[in-house]
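Taking it in order: structure first as structure tokens, then the write-up.
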């Protein structure tokens, strides 16, 4: 059994000569065996190397499943056990002072759409256009959880993270 914790104070040249003498005493040709190669193979069998191999395998697994995080999520709303409609957040835009959602779905209850900030304060949209499906919330550089319900009482939630105002564009009033 190899004990990795022990350290020996011997030069490589002396260790190589000792290995050659041992191999000659055992009648083994030593010209094909290199002490440096044996030393490197011994170092490669350490716990650190094994841990790094498992970490690399873990990162490879995360890289392989990362496309699943980028898939578009749609929530299917069911009524009485059958799927009747979808509530879909088709698009969203964040500006310095407002957050605009574009919703798709026939049974969306626009009167019940609201948002809550991290302090629990309820906020209502400042503008709703049911024909285009746009809902506009005031944005004060804080995270929001937006609640959207259909007329059957089913709901979806969307979370908006906090962004720095300098990173956000100004809203163009003519923009649709």
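So if I check each of 108, 128, 156, which one is surrounded by 15 or more Cβ atoms within 10 Å (Cβ to Cβ) and either at pLDDT below 85 or under 28 Å from the mean Cα position of the chain (by Cα) (or both)? Outline the logic, then answer.
On the way: 108 fails: either at pLDDT below 85 or under 28 Å from the mean Cα position of the chain (by Cα) (or both); 128 fails: either at pLDDT below 85 or under 28 Å from the mean Cα position of the chain (by Cα) (or both).
Answer to the selection: 156.
With the condition kept exactly as written, say whether any residue in segment 70-87 is modelled with pLDDT of 70 or more, more than 17 Å from residue 129 (Cβ to Cβ) and in a strand (DSSP E or B).
Within segment 70-87, the first condition is being modelled with pLDDT of 70 or more, and the residues that meet it are 87.
Next cut, more than 17 Å from residue 129 (Cβ to Cβ) only: none.
Taking every residue of segment 70-87 in turn, none turns out to be modelled with pLDDT of 70 or more, more than 17 Å from residue 129 (Cβ to Cβ) and in a strand (DSSP E or B).
Every residue in segment 111-125 that is more than 28 Å from the chain's Cα centre (by Cα) and part of a loop (DSSP other than H, G, I, E, B), please. If you could, list the steps in order and put the result at the bottom.
So in segment 111-125, the residues more than 28 Å from the chain's Cα centre (by Cα) come out as 111-113, 121-125.
Once the filter is applied, which keeps residues that are more than 28 Å from the chain's Cα centre (by Cα) and part of a loop (DSSP other than H, G, I, E, B), segment 111-125 yields 113, 121, 124, 125.
The values are calculated or read from the model by the stated rules, or taken from the named source; none is laboratory data. Computed from a predicted model, the values in this text were never measured in an experiment. In this analysis, Cβ positions are derived from the backbone assuming ideal geometry, glycine residues included, and neighbour counts consider all displayed protein chains.
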